[in-house]
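The values are calculated or read from the model by the stated rules, or taken from the named source; none is laboratory data. Fair warning: this is a prediction, and the values are worked out from it, not measured in the lab. With ideal geometry, Cβ positions are generated from the backbone for all residues, glycine too; neighbour counts draw on all protein chains shown. Note: areas computed on protein heavy atoms with side chains; ligands, DNA, RNA excluded. Shrake-Rupley method; radii C 1.70, N 1.55, O 1.52, S 1.80 Å.
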Amino acid sequence: MSLFGIQASVMVHVLFGVLGILLAVALLVYILNLNEKNIPRIRSLSLYTAVSICLSYVIGGWWYVVYYYPERDIIRAGAWKWAHTFFMEWKEHLFFALLFLSILLPIIAYRNDLMVPENRRLLLIVTALVVIIGLAMDGSGAIISRGLVVGYQGR
Amino acid sequence: MTSTTLDKTTIGFGLSAAVVSILNTLLVIFKELTPPFKAGMASAMGHHWTTHGAMVIVLFIVLGFIFSGMAKPESWGAEKLGKTILWAVIIAGGALAAFYLLH
């Protein structure tokens, strides 16, 4: 793949990740303002969030396995080697919890009566976790990118 | 839908998400502390992380269906399931962070 293709694919991974977070934030707002009219929108947002996070996982995972190794070596040789040894390692493994929680969203939203306060609160907890972990993934990704820049500067 | 109890699939996959999040962290710790096992994971599917992902995703799906079949809606309310998921993810994420800080 061309250099542009490699960089574009990692940006598409980031794009779907950020889109997933934004959709989850919108979902959070609708859950907090829940009424009978909002339920179809809550259900569709829960599904779009799951699809977006799953796409981010597949594209990011493929990029990580195929193209990350040369960048990893540059980061590890640089002053910010912890951008890989902590942030990338933590990110690549905690992502699985985010994946499961995002898949859980439409299961909760489509299969339960959301007008029941306890069910609403369950959906709220899982959505909030998706937002928080999603932001942590995003921040870690930014640190990893800066770690690569720091690694190049030290060459 | 007028039932106040959770449906069984929600309980099953909610519990699976909680359990597999913890198992995911334990698998990370085990593979990092056992280089031959990590090498075996790498040779199985070309990269240890690919094998790791396949293992936890299959486990999430299989346990989701098993727990769905076993679930008793009267003993797993939304409140209890929510707290279980929340604490499982906090423990899994915290333990993962602690492990990589110390490793």
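I'd like to know if region B:44-64 contains one or more residues that are more than 15 Å from the chain's Cα centre (by Cα) and touching a residue at least 40 places away in the same chain (Cβ under 8 Å). For region B:44-64, residues more than 15 Å from the chain's Cα centre (by Cα) and touching a residue at least 40 places away in the same chain (Cβ under 8 Å): absent.
Filtered by the rule that a residue be touching a Leu at 6+ places or on another chain (Cβ under 6 Å) and either acidic (Asp, Glu) or under 20 Å from residue B:60 (Cβ atoms) (or both), region A:54-89 gives A:57, A:71.
Being in a helix (DSSP H, G or I) and more than 7 Å from every other protein chain (Cβ to nearest Cβ) is the filter; apply it to region A:107-127 and report the residue that is surrounded by the fewest Cβ atoms within 10 Å (Cβ to Cβ).
Of the residues in region A:107-127, the ones in a helix (DSSP H, G or I) are A:107-111, A:117-127.
Restricting the remaining residues to those that are more than 7 Å from every other protein chain (Cβ to nearest Cβ) gives A:109-110, A:117, A:120, A:123-124, A:127.
On the way: A:109: 26, A:110: 18, A:117: 12, A:120: 19, A:123: 25, A:124: 17, A:127: 30.
Filtering first and then ranking leaves A:117.
Across region B:9-23, the number of residues qualifying as of a type in the set (Gly, Ala, Ser) and at the interface with chain A (Cβ under 7 Å from one of its Cβ atoms) comes to 3.
For region A:64-87, a tally of residues being within 13 Å of chain B (Cβ to nearest Cβ) and out of contact with any His (no Cβ under 6 Å at 6 or more places or on another chain) returns 12. The set of residues in region B:47-69 that are open to solvent by 70 Å² or more (accessible area, probe 1.4 Å) and either within 11 Å of chain A (Cβ to nearest Cβ) or in contact with a Leu (Cβ under 9 Å, 6 or more places away or on another chain) (or both) comprises B:55, B:61.
Among the residues that make up region A:75-84, is at least one of them at pLDDT 95 or above and within 15 Å of residue A:17 (Cα to Cα)? No, every residue in region A:75-84 fails to be at pLDDT 95 or above and within 15 Å of residue A:17 (Cα to Cα).
Could you tell me whether region B:30-46 includes any residue that is under 18 Å from residue A:89 (Cα atoms), within 7 Å of another protein chain (Cβ to nearest Cβ) and in a helix (DSSP H, G or I)? No, region B:30-46 contains no residue that is under 18 Å from residue A:89 (Cα atoms), within 7 Å of another protein chain (Cβ to nearest Cβ) and in a helix (DSSP H, G or I).
Is it true that residue B:72 is more than 9 Å from chain A (Cβ to nearest Cβ) and open to solvent by less than 10 Å² (accessible area, probe 1.4 Å)? No.
Any residue in region B:85-101 that is in a loop (DSSP other than H, G, I, E, B), within 9 Å of chain A (Cβ to nearest Cβ) and closer than 21 Å to residue A:127 by Cβ?
Step one: list which residues in region B:85-101 are in a loop (DSSP other than H, G, I, E, B), which gives none.
No: zero hits.
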